[in-house]
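Visitor: Sending over a structure as structure tokens; questions will come in a sec.
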Amino acid sequence: MQTTNPFELILSRSDQLQLSVNYLTDKTQKQSTKPTEDPDRLLDLTEAAQIVRKPVGTVRHYIHSRNLPATKIGKSYLIKFAELLKWVDEFKKDTGKPEVSARMLENRKRYCKS
């Protein structure tokens, strides 16, 4: 009767695990190096929120109230990557105008507690 060494079994399984880890890390590195700068690429709300670094609800609010260009398909929205970047640049320019800050001050006076 031949018995197997338990350490050999452990070593063989750890080798299999290491091969699996190596394969998965190579696969994720290849996926992350894909070009994401395609201007015609369509983004869903979660991807757009990651780019803008805002919550998904805020991006949805931007679509409804601040004219973020988006196309509604079913119940979800799709945004072109180039249009999102263009909108962000315009939004940065608009927030520097004095009339925007005057409106903010007016709203603060209107809604502040006295």
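The values are calculated or read from the model by the stated rules, or taken from the named source; none is laboratory data. Small disclaimer: the values here were computed from a predicted structure and weren't measured. Here Cβ is always computed from backbone atoms with ideal geometry, including for glycine, and neighbour counts include all displayed protein chains.
Visitor: Just the residues that are among the polar types (S, T, N, Q) and at pLDDT 90 or above, please, taken from region 23-54.
Guide: Of everything in region 23-54, those that are among the polar types (S, T, N, Q) and at pLDDT 90 or above turn out to be 46, 50.
Visitor: So is residue 105 at pLDDT below 90 and touching a helix residue (DSSP H, G or I) at 6+ places or on another chain (Cβ under 7 Å) or not?
Guide: no
Visitor: Which residues, taken from region 75-95, are over 15 Å from residue 39 (Cα atoms), part of a strand (DSSP E or B) and among the β-branched types (Val, Ile, Thr)?
Guide: none
Visitor: Within region 55-74, is there a residue that is touching an Asp or Glu at 6+ places or on another chain (Cβ under 7 Å), assigned to a strand (DSSP E or B), among the charged types (D, E, K, R) and at pLDDT 75 or above?
Guide: No, region 55-74 has no match at all.
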